[in-house]
1. Can you report the number of residues in the range 6-33 which are touching a Lys or Arg at 6+ places or on another chain (Cβ under 8 Å) and touching a residue at least 24 places away in the same chain (Cβ under 8 Å)?
2. What number of residues in the range 48-68 are without any contact (Cβ under 8 Å) to a residue 24 or more places away in the chain and not in a strand (DSSP E or B)?
3. Can you find even one residue in the range 6-15 that is surrounded by 11 or more Cβ atoms within 10 Å (Cβ to Cβ), touching a strand residue (DSSP E or B) at 6+ places or on another chain (Cβ under 7 Å), at pLDDT below 95 and hydrophobic (A, V, I, L, M, F, W, C)?
4. Name the single residue that is nearest to Pro57 (Cα to Cα) among those in the range 1-34 being assigned to a strand (DSSP E or B) and among the small types (Gly, Ala, Ser).
5. Looking at the range 1-11, is at least one residue within 13 Å of the chain's Cα centre (by Cα) and basic (Lys, Arg)?
6. For the range 34-47, what are the residues that are surrounded by fewer than 10 Cβ atoms within 10 Å (Cβ to Cβ) and touching a residue at least 12 places away in the same chain (Cβ under 8 Å)?
7. Quick one: in the range 48-65, of everything that is small (Gly, Ala, Ser) and under 11 Å from the mean Cα position of the chain (by Cα), which residue is nearest to Cys3 (Cα to Cα)?
Amino acid sequence: MLCAQCDDSARGTCRFCGRGVCATHHSNLPFVVTLFGVQPPQAIVVGGTLWCGVCRPQPEPIAMPELNR
């Protein structure tokens, strides 16, 4: 697998989009595993997951009404 940004050998894949990422172009970003609806809301988070730095994980849920069909 090659890095999506420079075509060097990838060290891993982005947790959020699956792009190949080399040692030069990798970053870290926390990954939310699950949310709990208690007050205040809580989450189980894995810190330092591999992120390509290109994709933009959205901070808020996105409505997808087309999945209700």
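The values are calculated or read from the model by the stated rules, or taken from the named source; none is laboratory data. These numbers were taken from a predicted model, which means no experiment stands behind them. Virtual Cβ from ideal backbone geometry, glycine too; neighbours counted across all protein chains shown.
1. We begin by selecting, within the range 6-33, every residue touching a Lys or Arg at 6+ places or on another chain (Cβ under 8 Å); these are 13, 21-23, 26, 29, 31.
With the extra rule that they be touching a residue at least 24 places away in the same chain (Cβ under 8 Å), the set shrinks to 13, 21, 26, 29.
Residues in the range 6-33 being touching a Lys or Arg at 6+ places or on another chain (Cβ under 8 Å) and touching a residue at least 24 places away in the same chain (Cβ under 8 Å): 4 in total.
2. First pass over the range 48-68, keeping only residues without any contact (Cβ under 8 Å) to a residue 24 or more places away in the chain: 48, 56, 58-68.
Cutting the leftovers down to not in a strand (DSSP E or B) gives us 56, 58-68.
Final tally of qualifying residues: 12.
3. no
4. The residue in question is Ser27.
5. Of the residues in the range 1-11, the ones within 13 Å of the chain's Cα centre (by Cα) are none.
No; the residues of the range 1-11 include none that is within 13 Å of the chain's Cα centre (by Cα) and basic (Lys, Arg).
6. Gly47
7. We begin by selecting, within the range 48-65, every residue small (Gly, Ala, Ser); these are 48, 53, 63.
Filter once more, keeping what is under 11 Å from the mean Cα position of the chain (by Cα): 48, 53.
Numbers: Gly48: 19, Gly53: 12 Å.
In this case the residue turns out to be Gly53.
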